[in-house]
Amino acid sequence: MTGYGKAETTLRGKKLVCEIRSLNSKSMDLSVRLAPIVRAHELDLRTIVTQRLERGKVDLLLMNDGMSETSSLNDVTPINWAAVHAYAAQYKEQFGEVPAEVMAAILRFPDVLKQQEDCSDLTEDEWKTVQALLNEAIDGFIAFRTQEGAALQAMFNEKLDGIADLLAQVEPFEKGRVAKIKERLEASLAQLSAETQAQIDRNRLEQEMIYYLEKLDITEEKVRLTNHIKYFREVMGEGLPVTGVGKKLGFIAQEMGREINTLGSKSNQSEMQILVVKMKDILEQIKEQVLNVL
């Protein structure tokens, strides 16, 4: 949800600049800085931004750049001579003649150099100009987000391919795993005394062994994880690089995590566990970036 947009126009002989920046946020958190000439329309400006951007920690700057396009350099910041004379008169009354360095200091006082702002109401045409300016900045902002969304989509596909490849690498270990488990159990039984072995119910032993092996079977987890990867791609195709799928992708990523965790709990081979750890690492990268999707 990060983004940036900027647009400029001329209003009453001055350049009016609109900038919009955004960081990630689960809701709309809008902060505005407005030129005095447009402050009366703050609510309308907030409504436009909120409706078009949906959510994010958004900063809206709509200000004059301070330079009049029709005036000379000396007119940019007019000096308040009445304030200058008042300060100089007070100094002279207390200390006598006003030295040049004191006069230079007086000329730097804020109220001496404060520029008078035009705060009169906007006409209908001027308000339309401001609206067009804001929408132009928002269009640029959305274009930035769209470009970022396309990059995210490519990244997600790359990460999903990585998880799918790791899942495929699990299969060779899975095939020999059942045989190894049986061999290990049979070896443990062989170490028992002859008297103990004679007392063992072989039918019950076979049933318990089958039950144990079924609990370690990871076929369902593999199928579900594969389906989650497929659905993640489908949802991306519905929304990215635009908006409206972030939460759904987050939920899918959570379900992928459940299946990967179950794979890990059923993995009784170090090679499989290493693959599971790699899948978890990739999934965490996906979860971090899903927060950037609207």
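Computed from the coordinates by the stated procedures, all read-outs in this text should not be read as laboratory data. Computed from a prediction, not measured in an experiment: that's the story for all the values here. Neighbour counts are summed over all protein chains in view; Cβ atoms, including those assigned to glycine, are modelled from backbone coordinates with ideal geometry.
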Q.
Taking the beta-carbon count within 10 Å as an exposure proxy, list Arg12, Arg33, Arg55 from fewest neighbours to most.
A. Arg33, Arg12, Arg55
Q: Go through region 17-30 residue by residue and turn each phi into a ³J(HN,Hα) via Karplus (6.51, -1.76, 1.60, θ = phi - 60°); whole Hz please, and just put x for glycine and proline.
A: 10, 10, 10, 10, 10, 8, 10, 5, 6, 6, 9, 7, 10, 9
Q. What list of ³J(HN,Hα) couplings, whole Hz, do you get for region 255-266 from phi and the Karplus terms 6.51, -1.76, 1.60, once you set θ to phi - 60° and write x for glycine and proline?
A. 5, 4, x, 4, 5, 5, 5, 5, 4, x, 5, 8
Q: Could you run the Karplus curve 6.51 cos²θ - 1.76 cosθ + 1.60 with θ = phi - 60° over region 282-293 and give me ³J(HN,Hα) per residue in whole Hz, x for Gly and Pro?
A: 5, 5, 4, 5, 5, 4, 4, 7, 4, 5, 7, 9
Q | Arg46, Arg145 arranged by Cβ crowding within 10 Å, fewest neighbours leading | A | Arg46, Arg145
Q) Which ordering of Leu30, Leu61, Leu134 is given by a fewest-first count of other beta-carbon atoms within 10 Å? A) Leu61, Leu30, Leu134
Q) Amide H to amide H, which residues 5 or more places from Gly56 or on other chains are under 5 Å from it, using H placed in the peptide plane? A) Ser25, Ser27, Met28, Asp29
Q: List the residues of region 1-41 whose backbone N lies under 17 Å from a point placed 7 Å from the Cα of Asp65 along the Cα-to-Cβ direction.
A: 5-20, 35
Q) To the nearest 0.05, how large is the calculated FRET efficiency for Ile181 and Val277 if R₀ is 30 Å and r is the Cβ-Cβ distance? A) 0.90
Q. Relative to the present Cα-Cα distance, how much length would full extension add between Ala132 and Tyr231 at 0.36 nm per residue of separation?
A. 31.7 nm
